[in-house]
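Each remark here refers to the structure printed beneath this line.
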Amino acid sequence: MRRTKIIATLGPATDDPGVLERMFLAGTDVVRVNFSHGEWDSHQRRIDMVREVSAKLGLYIGVLGDLQGPKIRIRRFVESPVELVEGQQFVLDSAMAGDAGTVEAVGVAYEGLAADVRPNDKLLLDDGHLMLEVEQVSGTKIICRVLAGGELGNQKGINRHGGGLSAPALTEKDREDIVFAAQANVDWVAVSFVRSADDVNEARKLLRDAGGTGHIVAKIERSEAVKNLEAIIDASDAVMVARGDLGVETGYAGLTGLQKKIIRKARHRHKITITATQMMESMIHNQVPTRAEVSDVANAVMDGTDAVMLSAESAVGEHPVKAIKTMAEVCEGAETYRLVSSKLRRHDEHFEYVDQAIAMAVMYTANHMDVHAIIALTESGSTALWMSRIRSDIPIYAFTRHEATLRRITLYRGVYPVLFDVTDADPEGLYNSIFKRLLDLGQASEGDLLIFTKGDMRGVTGGTNAMTILRLTGQ
């Protein structure tokens with residue numbers, strides 16, 4: 001079974017229920033709703049379709065709502081695109097009309113840019129494809145010299161090399177979108193351009209105040225986020241390695257090493273990681289990825305990422321189903337090389353929760369016995385999460401009665417959701433009920449050795465306090 005999860009971005013290419021069904025059967029575990037594009041009505045329609053199609057197929061598909069964040073980008077040209085030539089002067093002006101850009105100047109959506117930059121600063125446009133050097137700042141005008149030219153289209157992003165832009169992570173639009181996300185009952189909310197743990201805490205509070213129960217993903221794409229990485233990881237439920245803006249701000253030379261560092265630190269802190277941006281971009285138009293893209297996805301899998309994400313490949317691509325199938329195949333191939341450390345945590349580590357201690361005992365036992373699968377009877381999914389942080393090559397089945405937990409678990413590497421109401425099960429026949437469920441699902445065979453975790457008080461969140469080792473029988 002594939003352990004690394006796949007996130008597919010929704011868009012015009014996925015609006016046919018038939019296409020969505022084939023995407024789910026091809027291996028999609030979570031869908032991403034990009035709040036940067038479209039209105040609430042279209043987002044709700046797509047979320048409703050996801051839930052209808054997944055229910056029809058008997059699958060659990062998580063929903064991730066991705067906030068837009070601050071618009072640090074240029075505005076529009078009279079005729080797009082324009083061609084910037086190395087050595088020419090080019091002006092960025094926040095006071096310029098939104099659609100009046102020329103080859104000499106263009107408007108800027110972020111009004112605070114002029115206050116954030118100084119002469120000799122390097123500004124990168126369109127994910128670093130073009131580079132400008134600031135020569136002078138005059139009022140709202142930033143007068144630059146083109147260091148690396150090329151074609152520049154409408155509404156491309158702006159980054160300052162080394163970071164330092166003061167735009168807050170959460171805009172007024174983001175705050176409104178968080179309320180929508182709560183009403184739509186999304187499972188994960190991704191916060192763009194996070195700078196510190198305070199941004200994560202603010203987003204979580206806004207979501208809870210609106211009645212939302214989703215978990216928070218911190219997108220690591222600013223230099224400031226790298227400096228505050230450990231605090232951000234601790235404050236969040238998951239982190240996304242958003243390699244586009246991150247590579248531009250920190251430099252591409254060290255991006256691969258930085259990706260590995262983020263994944264390693266997040267796993268050590270028992271958090272989820274998502275690796276994103278341009279993973280199979282050539283498949284927007286082509287049916288076969290490049291060898292570099294295959295290596296890129298495989299590298300992230302072998303680093304231990306929980307999930308890999310498709311963006312435009314699925315949202316607007318010509319072959320969304322093929323892209324998902326291909327990514328699933330690459331993930332499965334990479335998983336045959338178990339390079340992620342399965343070492344147990346340090347002997348002197350303090351366990352904060354009982355279920356964390358049980359998870360450690362389970363994985364220690366599994367490392368020394370021929371265990372086929374682990375079954376966690378869970379309310380919140382936390383025990384399954386602890387276990388998946390240590391080792392993910394033994395399948396972990398999270399048996400739970402909660403729809404929200406079933407959908408959230410779809411993002412945990414090596415963890416699979418199973419609907420099971422432990423409060424309705426006969427205590428005397430509990431194991432037989434679970435055995436039958438596994439056999440019906442075709443995920444185990446008679447004679448397999450299994451480990452169970454459960455709590456004495458069934459139906460209590462955080463109540464896991466027992467481990468049992470059993471041999472599966474057909475009785």
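For segment 1-126, a Kirkwood radius taken over Cα pairs fed into Stokes-Einstein (20 °C, viscosity 1.002 mPa s) yields D = 120 µm²/s.
Indicate the gyration tensor shape class of segment 277-320 (rounded, prolate or oblate), computed on the Cα atoms with a ≥ b ≥ c the square roots of the eigenvalues: a/c under 1.5 is rounded; otherwise a/b larger than b/c is prolate and the rest oblate.
Working: a/c = 3.16, a/b = 1.60, b/c = 1.97.
Oblate is the answer for segment 277-320, as a/c is 1.5 or above yet b/c matches or exceeds a/b.
At 0.36 nm per residue, minus the direct Cα-Cα distance, what do GLU318 and ALA95 gain on full extension? Give it in nm, one decimal, please. Write down the numbers at each step before the final one.
Details: separation 223, 0.36 × 223 = 80.28 nm, distance 3.83 nm.
Value of the extension gain: 76.4 nm.
For the chain, which whole-number percentage of the solvent-accessible area (1.4 Å probe, protein heavy atoms only) is attributable to carbon and sulfur atoms? Write out the running numbers ahead of the final one.
Numbers: 9720 of 19840 Å².
That share works out to 49 percent.
Modelled spin-label separation between SER42 and VAL85, with each label point placed 7 Å from Cα along the Cα-to-Cβ direction: 3.8 nm.
Compared with the dominant Cα axis of the chain, that is its longest principal axis, helix 320-335 is turned about 60°.
Would you mind giving the average projected area, over all directions, of the Cα convex hull of segment 1-63 in nm² with one decimal?
Details: hull surface 16.8 nm².
So the Cα hull casts an average projection of 4.2 nm².
For segment 248-295, taking the reciprocal of the average inverse distance between every pair of different Cα atoms yields a Kirkwood hydrodynamic radius of 12.7 Å.
222 nm [θ] for the chain, helices only, -39500 (n - 2.57) per DSSP H run of 4+, per residue, to 500? Working shown, then result.
Numbers: 16 runs with 166 residues, N = 475.
About -10500 deg cm²/dmol.
Remark: spin-label model distance MET302-ARG264 equals 1.5 nm, labels positioned 7 Å along the Cα→Cβ axis. What is the distance, in nm, between label points placed 7 Å from the Cα along the Cα-to-Cβ direction at ARG118 and at ALA404? The answer from the label model is 4.7 nm.
Around the amide H of ASN465, modelled in the peptide plane, lie the amide H atoms of LYS454, GLY455, ASP456, all under 5 Å away and 5 or more residues distant in sequence or on another chain.
Residue separation of SER295 and ASN201 scaled by 0.36 nm, minus their Cα-Cα distance, works out to 30.3 nm of gained length. Karplus-derived 3J(HN,Hα) values for segment 275-283, using 6.51 cos²θ - 1.76 cosθ + 1.60 with θ = phi - 60°, are 10, 9, 5, 6, 6, 9, 4, 4, 7 Hz; glycine and proline are entered as x.
Among beta bridges from DSSP that stay inside the chain, the antiparallel ones total about 40%.
Where only protein heavy atoms count, and the probe is 1.4 Å, what is the accessible area per residue for the chain in Å²?
Details: 19840 Å² over 475 residues.
So the chain comes to 42 Å² accessible per residue, rounded to a whole number.
On the beta carbon distance between ASP393 and THR423, with R0 = 45 Å, the FRET formula returns roughly 0.90.
Can you work out the PRE-style zone for THR336? Point 7 Å along Cα to Cβ, and I want the residues of segment 258-290 with backbone N under 19 Å. Inside the label zone: 289. Only lysine pairs 8 or more places apart or on separate chains count here, and in segment 153-276 those with Cα atoms under 20 Å apart total 17. Once you have a ≥ b ≥ c as the square roots of the Cα gyration tensor eigenvalues for segment 84-170, tell me rounded if a/c is under 1.5, and otherwise prolate or oblate according to whether a/b is larger than b/c. Note, shape of segment 84-170 comes out rounded.
Taking max minus min of the alpha-carbon positions on each principal axis, the chain gives extents of 79, 51, 45 Å, largest first. Phi angles across segment 434-448 convert, under the Karplus curve 6.51 cos²θ - 1.76 cosθ + 1.60 with θ = phi - 60°, into 3J(HN,Hα) values of 5, 4, 4, 4, 5, 5, 4, 7, x, 9, 7, 10, 4, x, 5 Hz, Gly and Pro given as x. In order along segment 235-247, the phi-based Karplus estimate (6.51 cos²θ - 1.76 cosθ + 1.60, θ = phi - 60°) of 3J(HN,Hα) comes to 7, 9, 9, 7, 10, 10, 7, 8, 6, x, 5, 4, x Hz; Gly and Pro are listed as x. On full extension, the segment bounded by THR256 and ASP16 gains 82.8 nm, given 0.36 nm per residue less the C-alpha separation.
Taking the C-alpha atoms only, the angle from helix 255-268 to the longest principal axis of the chain is near 40 degrees. Cross-link partners for LYS141 among the lysines, with Cα-Cα distance under 16 Å and sequence neighbours closer than 8 places in the same chain left out: LYS122. Taking amide H as placed 1.01 Å from N in the peptide plane, MET96 has its amide H under 5 Å from the amide H of VAL108, each at least 5 places away in sequence or on another chain. By how many degrees, 0 to 90 and rounded to 10, does the Cα axis of helix 354-367 deviate from the longest principal axis of the chain? Tilt relative to the chain: about 80 degrees. Expressed in units of 2.2 N^0.38 Å, where N is the residue count, the Cα radius of gyration of segment 352-432 is 1.07. The share of Cα pairs per 10 Å bin across segment 149-237, counted from zero up to the longest distance, runs 17, 43, 28, 11, 1 percent.
The values are calculated or read from the model by the stated rules, or taken from the named source; none is laboratory data. Source: prediction; values computed, not measured. Note: ideal-geometry Cβ built from the backbone for every residue, glycine included; neighbour counts use all protein chains shown. Each accessible area value is taken on the protein alone, full model and side chains, heavy atoms only, with ligands, DNA and RNA left out. Shrake-Rupley method; radii C 1.70, N 1.55, O 1.52, S 1.80 Å.
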